[in-house]
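> Starting off with a structure, shown below.
Here, each number is a calculation from the coordinates, and none is a lab measurement. Fair warning: this is a prediction, and the values are worked out from it, not measured in the lab. Because the Cβ atoms are built from the backbone with ideal geometry, glycine has one as well, and the counts that use them run over all protein chains shown.
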């Protein structure tokens with residue numbers, strides 16, 4: 001009897017810990033995800049290089065992927081959706097919103113949350129590159145083609161910058177989440193209090 005009671009208490013603790021690390025279970029996590037969404041807007045609008053209408057090189061996906069890796073797929077999806085929708089409305093107007101592009105950003109965050117939760121260098125690289133290829137190279141490309149009839153050569157020209165961004169984001173995430181003790185200590189403090 002005592003063993004079953006101990007097991008129940010342990011599963012209760014792990015469920016509470018998982019909920020505390022999710023976006024709906026902790027106010028600190030919610031605020032941090034909001035800050036990540038704002039950072040994604042700033043990085044994608046002000047600190048990116050635009051080449052034509054369809055190709056942009058920047059780090060706007062970094063906060064979305066970071067939210068997914070830290071707090072799970074739901075947080076990554078929500079940060080991606082909020083940053084894309086607010087960024088479109090603030091800078092281009094409601095008419096510029098392309099739902100399939102928003103879905104692509106959400107997929108990047110979800111894939112990062114599903115694959116990158118272990119926070120090992122290999123899982124982070126796989127999470128970033130898979131999210132960038134599926135979310136940005138495929139889903140966003142289809143969204144741009146359907147909405148704006150973007151020609152195939154332009155869509156294909158987006159692939160090398162997407163892969164370059166993925167490699168640079170992978171390096172940054174591996175450094176921040178695996179090699180930097182100060183960052184990991186702060187993140188642990190954010191979710192455990």
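> Tell me what the chain gives for mean residue ellipticity at 222 nm when only DSSP H runs of n ≥ 4 count, each as -39,500 (n - 2.57), the sum divided by the residue total, rounded to 500 deg cm²/dmol. Please report the intermediate quantities before stating the final value.
Values: 10 runs with 138 residues, N = 193.
-23000 deg cm²/dmol, from helical runs alone.
> Something else about it: Is the shape of the stretch 104-144 best called rounded, prolate or oblate, per the rule: a/c under 1.5 gives rounded, else a/b larger than b/c gives prolate, else oblate, with a ≥ b ≥ c the square roots of the Cα gyration tensor eigenvalues?
In terms of gyration-tensor shape, prolate.
> Using a Förster radius of 45 Å, what is the FRET efficiency between residue 97 and residue 120 based on their Cβ-Cβ separation? Nearest 0.05, please.
Once rounded, the FRET efficiency stands at 0.80.
> Taking Rh as the Kirkwood radius computed over C-alpha pairs, what is the Stokes-Einstein D of the stretch 71-157 at 37 °C in a medium of viscosity 0.692 mPa s, expressed in µm² per second?
It diffuses with D of about 246 µm²/s by this estimate.
> Determine which residues of the stretch 36-72 fall in the zone a paramagnetic label at residue 157 would reach in this model, i.e. backbone nitrogen under 19 Å from the point 7 Å along Cα→Cβ.
Zone members listed by number: 48-58.
> Quickly work out the residue 172-to-residue 86 label distance, labels modelled 7 Å from Cα along the C-beta direction, and quote it in nm with one decimal.
1.8 nm
> Please rank 89, 57, 41, 65, fewest neighbouring Cβ atoms within 10 Å first, as an exposure proxy.
89, 57, 41, 65
> For the residues 88, 33, 178, what sequence is obtained by ranking on other C-beta atoms within 10 Å, fewest first?
178, 88, 33
> Shape verdict for the stretch 125-193, please, from the Cα gyration tensor: rounded (a/c under 1.5), prolate (a/b greater than b/c) or oblate. Walk me through the intermediate numbers first.
Details: a/c = 4.49, a/b = 2.54, b/c = 1.77.
Because a/c hits 1.5 or more and a/b exceeds b/c, the stretch 125-193 counts as prolate.
> Order by neighbour count: 78, 146, fewest other Cβ atoms within 10 Å first, most last.
On the way: 78 24, 146 13.
Ranked by crowding around the Cβ, least crowded first: 146, 78.
> State the label only: which of (i) 1.11; (ii) 1.35; (iii) 1.58 corresponds to Cα Rg over 2.2 N^0.38 Å computed from the shown model?
(i)
> Specify the angular offset, from 0 to 90 degrees and rounded to the nearest 10, of the alpha carbon long axis of helix 62-71 from the longest principal axis of the alpha carbons in the chain.
20 degrees
> Against the longest alpha carbon principal axis of the chain, how many degrees, from 0 to 90 and to the nearest 10, is the axis of helix 121-131 turned?
Result, in degrees: 40.
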